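The numbers here are math on the coordinates, done by the rules we state, and not lab data. All of these numbers come straight from a predicted model, not from anything done at the bench. Here Cβ is always computed from backbone atoms with ideal geometry, including for glycine, and neighbour counts include all displayed protein chains.
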Amino acid sequence: MKVVVDAMGGDNAPREIVKGAVAAVKQYGMQVILVGDEQEIRRELESCGGDKLKKIEVVHAEEKVEMDDSPSQILRTKRNSSIHQGLRLVKQGDGAAFFSAGNTGAVMACAKMILKTLPGIDRPAIAAVMPTVKGATVMCDVGANVDCKIENYVQFAIMASAYASLIMHKEKPSVGLMSVGEEDVKGNDITKNVFKFLSELGKSGVIDFYGNVEGKDVFKGTSDVIVVDGFAGNVALKVSESAGWYVSQMLKEELRSSLLTKIGAILLIPALKRIKKRADHSEYGGAPLLGVNGVCIIGHGSANETAVKYSVKMAHDLAVKHLNGLIAESIAESVKVLNVDKEDSFWNNIVEKFKRKTI
């Protein structure tokens, strides 16, 4: 089972991407296909000792997608890019999963066009793992869809629950809906309506619906999954990254402020390293684009060797565990549950949209 890697995507490409792929092959024994400028890739392979590894293949791609390229431009004019080529390899069955730390919009647009969406899914969504005091929580969506309809939220909940069940080893992870209050009467019209649909799925056992959660619950680990639209989810993700950086800077300044605090810092080093490891996003790998008909992992633009290594392993593991099959089964089950004739045209209209997509 091969993982296709976009060697040209990211701020540190191709060096860190190639090093991470080589590390994944050496540590986990998996097979990798590196896609991009063949000359550059082979030069990096030679420099990090990966040129002798038989489990690494190189596929040449003439064009490179820049971080500021628009998705529509890439779809039209860069069909020989490493993103296009890599996703086509997955579509053709030459690879089982795809990873890129490149232009997120381009990866999403190309994945939807080339791989298509799973039955019952209108829009793919990005699921990010957030560290909490209890371990981790999955937030979905964190940027793929800034404007969402009710059915999109419901799909996010089902997909993220399936993903969380695999990475957390829980049969039914708890699912919370991001709102401005815990009570079901809190929130705007769309979240109140989403609450009704998720409650129905919760009663039937398709998901384990916890109820509403607030921003303060993210790092408490109140629920295993947090469902949110891509606009608020992306803001939450970026704020959390910024907060982590802020706390890190404050600690450095304070621990260096006097001789006494410097001595104390020496004693704190082991604990600080453990905290850094728990909060470091590179330890969690990339974020899967849920809902496309193929495993697709999107990495942080600043991904280093460690982040790439874990992302490649994540891509491999999700393909082995048949994530998409689990999502498709859950979506089909949800249609059966929601397909209850009610004297509510609004309810029946949403259910009809689900049915049309799954047939």
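When each of the peptides 300-307, 216-223, 12-19 is scored by the mean number of other C-beta atoms lying within 10 Å of its residues, the order from highest to lowest reads 12-19, 300-307, 216-223.
The structure-derived value of Cα extents along the principal axes in Å appears in the list (i) 61, 43, 36; (ii) 67, 60, 35; (iii) 53, 49, 40 under the label (ii).
Under a 5 Å amide H cut-off, with hydrogens placed 1.01 Å from N, G10 pairs with G102, N103 among residues at least 5 apart or on other chains. Straight distance only, please: which lysines reach the Cα of K186 with their own Cα at less than 19 Å, same-chain residues fewer than 8 apart left out? Straight-distance partners of K186: K149, K196, K216. Across region 43-183, Cα pairs under 8 Å and at least six residues apart give a relative contact order of 14 percent. Under the classification rounded if a/c is under 1.5, otherwise prolate if a/b is larger than b/c and oblate if not, where does region 145-280 fall, given a ≥ b ≥ c as square roots of the Cα gyration tensor eigenvalues? It comes out prolate by the Cα gyration axes.
With the simple model of a label 7 Å out from the Cα in the direction of the Cβ, V235 to L75 spans 2.7 nm. Each residue of region 306-313 was assigned a 3J(HN,Hα) from its phi angle through the Karplus curve 6.51 cos²θ - 1.76 cosθ + 1.60 (θ = phi - 60°); the sequence is 4, 4, 5, 4, 5, 5, 5, 5 Hz, with glycine and proline shown as x. Within a straight-line Cα-Cα reach of under 25 Å, K78 can be paired with the following lysines, leaving aside sequence neighbours fewer than 8 residues apart in one chain: K2, K64, K91, K112, K116. For I226, the residues 5 or more places off, or on other chains, whose built amide H falls under 5 Å of its own are V138, M139, C140, G176.
Over all directions, the projected convex hull of the C-alpha atoms in region 45-146 averages 9.7 nm² in area. Eight or more residues apart or on different chains, and alpha-carbon atoms under 17 Å: count the Lys pairs in region 250-336 matching that. Pairs that pass both the separation and distance tests number 7. For L118, the residues whose modelled amide H falls within less than 5 Å of its own, excluding neighbours fewer than 5 places apart on the same chain, are V292, N293. With each label modelled as a point 7 angstrom along the Cα→C-beta vector, the E183-K55 pair spans 5.6 nm. Counting only DSSP beta bridges whose two residues both lie in the chain, roughly 30 percent are antiparallel. Per-residue ellipticity at 222 nm, computed for the chain from helices alone with -39500 (n - 2.57) per DSSP H run of at least four residues, works out to -16500 deg cm²/dmol. Across region 124-132, rounded Karplus estimates of 3J(HN,Hα) from the backbone phi angles (6.51 cos²θ - 1.76 cosθ + 1.60, θ = phi - 60°) give x, 9, 9, 10, 10, 8, 10, x, 9 Hz, Gly and Pro being marked x.
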